[in-house]
Structure formats: C-alpha cells, structure tokens
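Remarks on the structure that follows.
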Amino acid sequence: MELNFRHTIDVPRAEAWRIFHTHIDRMAPHLPDVDQVHIRQERQWADYLEHEVAWAINQSVVPVSARPFIGRLVEELLSTLSWHHHHNRVDFRFYNDRLPELFDCQGQAQLSEHVQGTDIHITAELDIQPHQLPGVPRWLGQSVRPSVKRVVEQTLGRILDALPAAVARVSHDEAEQRTG
C-alpha cells in the first residue's frame, strides 16, 4: 500500500529541518496515537546521520476485542531514520522488532522551500503480512489480517500525515518560549 502526504507549513525550511532532525522526540504531544518518541541510538556515517527511534503507541488504537491478539504487536514501533542533510531528505523504515515479519514501511520525507515556508512531502510503501508470522498458522494469520492491517495502516498513516504539523507546532512553541 502506498502512503503519500504533502503539507506546507509556515516555518522556513532550515528551521523545519532543524526541528525535524534534532527535536523529533518533542513531537509526541502533537502526533495522534503517540505517547512518547525516544531516540534509542545515533550513528554518524560519512554522508548521513542515522537514528533508531522508538515510538510508544497508545493502545487505544487497537480495538478492545483485538487487544489480546495484536495489542503487544503495536505498543512500540521502531524506526530507522537516515538524515541526508545536503538533500533535506530523511529516509525511514518503520518496523516491529518483536515480529519483523508483521509489517514493513519504508519511505522518505523531503523538505523543500515554499513561498509560504516549507513543503514536506512524505511517501512510503507499507507491506503488512501477518499471515507470514513464524509459529502462527496461516489460517489464523489470515483471519486477524484485516484487524492488523487496519490498525497498522491507520496508526502509521495518521503519524506520517501529522508529522509536518508537529514540526510547525514545535517551532511555534519554541518561538513562544523565546518571546515569553
């Protein structure tokens, strides 16, 4: 499934990049279904910086009847974020480290100048395969697939769609603190 979001925010591109890159952990209050964002690890490579980020997901996204089956599968999502400063682009991959076969979401966010501030274009490919889980009979995986698919699609889709507004909100919060 392809995810595609484009938003223009009233924040200059350099400021939006700085906030997106250095303060992703401050965006949780402005993202739906996210309780906390935590940078677990940072690695510097020759031409980019990489973060491993943990996203604590609010369990209200999982229907009560499905929580015994899939609640633990989405309580924490991980992402690898590769920050390409010279291109104002971040490549990302969201996954579940407990069950990496459950889903894979890879994409990128591109920040570019816009007359009103910054254009943020997010594209991703989401592949959900609960019927391929080790130790889970194929028929059971197929039966829970609609619930898993709906929860993962909606959760990741809402988070990715809300990221630009969260960048703008953190920028505005910082401006308010400075003027104070």
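Structure summary
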| quantity | calculated |
| --- | --- |
| Selection status of HIS51, under 14 Å from the mean Cα position of the chain (by Cα) and modelled with pLDDT under 95 | no |
| Selection status of VAL170, more than 22 Å from GLN59 (Cα to Cα) and either modelled with pLDDT under 80 or under 19 Å from the mean Cα position of the chain (by Cα) (or both) | yes |
| Single condition VAL61 does not satisfy, out of (1) in contact with a helix residue (DSSP H, G or I) (Cβ under 6 Å, 6 or more places away or on another chain); (2) aliphatic (A, V, I, L, M); (3) modelled with pLDDT under 95; (4) closer than 18 Å to ILE122 by Cβ | (4) |
| Residue under evaluation PRO29, criteria (1) in contact with a strand residue (DSSP E or B) (Cβ under 6 Å, 6 or more places away or on another chain); (2) closer than 17 Å to ASP173 by Cα, criterion not met | (1) |
| For TRP139: the one exception among (1) at pLDDT below 80; (2) of a type outside the set (Ser, Thr, Tyr); (3) within 17 Å of PHE94 (Cα to Cα) | (3) |
| Residues (aliphatic (A, V, I, L, M) and either surrounded by 15 or more Cβ atoms within 10 Å (Cβ to Cβ) or on the phi > 0 side of the Ramachandran plot (or both)) located in the stretch 97-132 | LEU99, LEU102, ALA109, LEU111, ILE120, ILE122, ALA124, LEU126, ILE128 |
| Contacts under 7 angstrom Cβ, first residue in the stretch 151-180 being under 20 Å from HIS121 (Cβ atoms), partner exposed (fewer than 15 other Cβ atoms within 10 Å of the Cβ) and among the hydrophobic types (A, V, I, L, M, F, W, C), 6 or more apart | GLU153/MET1 |
| Exclusive hit being within 16 Å of the chain's Cα centre (by Cα), surrounded by 13 or more Cβ atoms within 10 Å (Cβ to Cβ), closer than 26 Å to ARG145 by Cα and of a type in the set (Phe, Trp, Tyr), set PHE20, PHE92 | PHE92 |
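The values are calculated or read from the model by the stated rules, or taken from the named source; none is laboratory data. This one's a predicted model, so the numbers in the text were calculated from it and none came from an experiment. Cβ: placed from backbone, ideal geometry, glycine included. Neighbour counts: every protein chain shown.
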